[in-house]
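Enquirer: Sharing a structure, written as structure tokens. Questions coming.
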């Protein structure tokens, strides 16, 4: 089968498509024939060596939508099931940017019925990150939350999920994104000029760090996306960072919210698997609204 890998670290030019063996599922695993797989900034980080693994062949890709085509023992899935899954892992020989991928049974959820595989493939990583971040914030309805990077992939899901929970959401993004961010459910929109201590909590999807921490009230909560970039606590503010985990049951809840219209997906562009390097180059250019998706 074909798989997208890097054998050395660098820019988009190090991305390769290689022939490798089709993986076999073990106990409590399933093999998915990939229909579509999202390309995320974390893939660029892996490609650049941010997460280590020098000297190894590293497969890329975390998001997948496809069809179960083989199961290991003790699997609750059947061949032919259409599914989505998160294939967690920074340094792995094969990721979801391949024709087939093997994932744990409990990382899998039934695919949504209201969108196609290309759109479904944009859901797992970013929506799971958003919902797990909101869980860590522990906000009750009526509390105020600022989401930075509210027009981005994680930020947009966070705005929708928080609004659905009855949280008072303000979205921070570029001025040109105001209409979109408000359409997600943000009650307020800002592009700058925020007073210190304005919010009960900040979900810092834009990775602004200490600047965003200043916008949290004394004793509030700041949550980022990168543990290594987490600012130190000040003024009694609880600080932390979400590290996404594969969770098929939670992913199934997100699929239901997508099918119910609470969540929306965005696809910026699709690329053939063989054009993975071109997709990485497009991601590196910036300004992408929605996800780039690879199709085998």
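Enquirer: Given the options 139, 145, 123, name the one that is surrounded by 23 or more Cβ atoms within 10 Å (Cβ to Cβ) and farther than 21 Å from residue 210 by Cβ. Quick ask: steps written out before the conclusion?
Expert: Working: 139 fails: surrounded by 23 or more Cβ atoms within 10 Å (Cβ to Cβ); 145 fails: farther than 21 Å from residue 210 by Cβ.
Every option except 123 fails the conditions.
Enquirer: Output yes when any residue across the range 20-27 is assigned by TED's automatic domain parsing to the domain that holds residue 92, without any contact (Cβ under 8 Å) to a residue 12 or more places away in the chain, part of a loop (DSSP other than H, G, I, E, B) and surrounded by fewer than 18 Cβ atoms within 10 Å (Cβ to Cβ), and no when none is.
Expert: Within the range 20-27, none of the residues are assigned by TED's automatic domain parsing to the domain that holds residue 92, without any contact (Cβ under 8 Å) to a residue 12 or more places away in the chain, part of a loop (DSSP other than H, G, I, E, B) and surrounded by fewer than 18 Cβ atoms within 10 Å (Cβ to Cβ).
Enquirer: If you check residue 197 against the conditions, is it in the same structural domain as residue 154 (by TED's automatic domain parsing), exposed (fewer than 13 other Cβ atoms within 10 Å of the Cβ) and at positive phi? Write out each step before concluding.
Expert: Values: in the same structural domain as residue 154 (by TED's automatic domain parsing): yes; exposed (fewer than 13 other Cβ atoms within 10 Å of the Cβ): no; at positive phi: yes.
So residue 197 fails the test.
Enquirer: Can you pull out every residue in the range 235-267 that is touching a strand residue (DSSP E or B) at 6+ places or on another chain (Cβ under 7 Å), within 24 Å of residue 199 (Cβ to Cβ), in contact (Cβ under 8 Å) with a residue 60 or more places away in the chain and in a loop (DSSP other than H, G, I, E, B)?
Expert: Hit for the range 235-267 is 242, nothing else.
Enquirer: Looking at the range 45-71 only, could you name the residues that are assigned to a loop (DSSP other than H, G, I, E, B) and without any contact (Cβ under 8 Å) to a residue 60 or more places away in the chain? Even if it seems obvious, please write down each step before you answer.
Expert: If we filter the range 45-71 for residues that are assigned to a loop (DSSP other than H, G, I, E, B), which is where we start, we get 49-57, 60-62.
Hits for the range 45-71 are 49, 50, 51, 52, 53, 54, 55, 56, 57.
Enquirer: On to the next question. Looking at the range 213-234, which of its residues are touching a residue at least 24 places away in the same chain (Cβ under 8 Å) and over 17 Å from residue 168 (Cβ atoms)?
Expert: If the condition is that a residue be touching a residue at least 24 places away in the same chain (Cβ under 8 Å) and over 17 Å from residue 168 (Cβ atoms), then 213, 225 are the ones that fit.
Yes or no, residue by residue, for (1) touching a helix residue (DSSP H, G or I) at 6+ places or on another chain (Cβ under 7 Å); (2) assigned to a helix (DSSP H, G or I); (3) more than 30 Å from residue 260 (Cα to Cα):
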| site | (1), (2), (3) |
| --- | --- |
| 151 | yes, no, no |
| 176 | no, yes, no |
| 192 | no, no, yes |
| 228 | no, yes, yes |
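Enquirer: So, one more: With respect to the numbered conditions (1) on the phi > 0 side of the Ramachandran plot; (2) buried (at least 17 other Cβ atoms within 10 Å of the Cβ); (3) at pLDDT below 95, which one is the sole condition not fulfilled by residue 42?
Expert: Only one criterion is unmet by residue 42, namely (1).
Enquirer: Checking the condition within 24 Å of residue 279 (Cα to Cα) and surrounded by fewer than 24 Cβ atoms within 10 Å (Cβ to Cβ), which residue from 177, 87 passes?
Expert: Working: 87 fails: surrounded by fewer than 24 Cβ atoms within 10 Å (Cβ to Cβ).
Step by step, each of 177, 87 is checked, and only 177 is within 24 Å of residue 279 (Cα to Cα) and surrounded by fewer than 24 Cβ atoms within 10 Å (Cβ to Cβ).
Enquirer: Quick one: residue 109 ticks every box in (1) within 30 Å of residue 212 (Cα to Cα); (2) buried (at least 17 other Cβ atoms within 10 Å of the Cβ) bar one, so which box is it?
Expert: (1)
Enquirer: Tally the residues that are without any contact (Cβ under 8 Å) to a residue 24 or more places away in the chain and under 22 Å from residue 269 (Cα atoms), restricting the search to the range 117-168.
Expert: Adding up the residues that qualify gives 0.
Enquirer: Of (1) surrounded by 15 or more Cβ atoms within 10 Å (Cβ to Cβ); (2) part of a loop (DSSP other than H, G, I, E, B), residue 212 satisfies all except one. Which?
Expert: Just one mismatch for residue 212, condition (2).
Enquirer: Here's a follow-up. Kindly check whether there is at least one residue in the range 214-221 that is touching a strand residue (DSSP E or B) at 6+ places or on another chain (Cβ under 6 Å) and not assigned by TED's automatic domain parsing to the domain that holds residue 154.
Expert: Looking for residues that are touching a strand residue (DSSP E or B) at 6+ places or on another chain (Cβ under 6 Å) and not assigned by TED's automatic domain parsing to the domain that holds residue 154, one finds none in the range 214-221, hence no.
The values are calculated or read from the model by the stated rules, or taken from the named source; none is laboratory data. Here the structure is a predicted model, which means the values were calculated and not measured. Quick reminder, even Gly has a Cβ in these numbers, built from the backbone with ideal geometry, and neighbours come from all protein chains shown.
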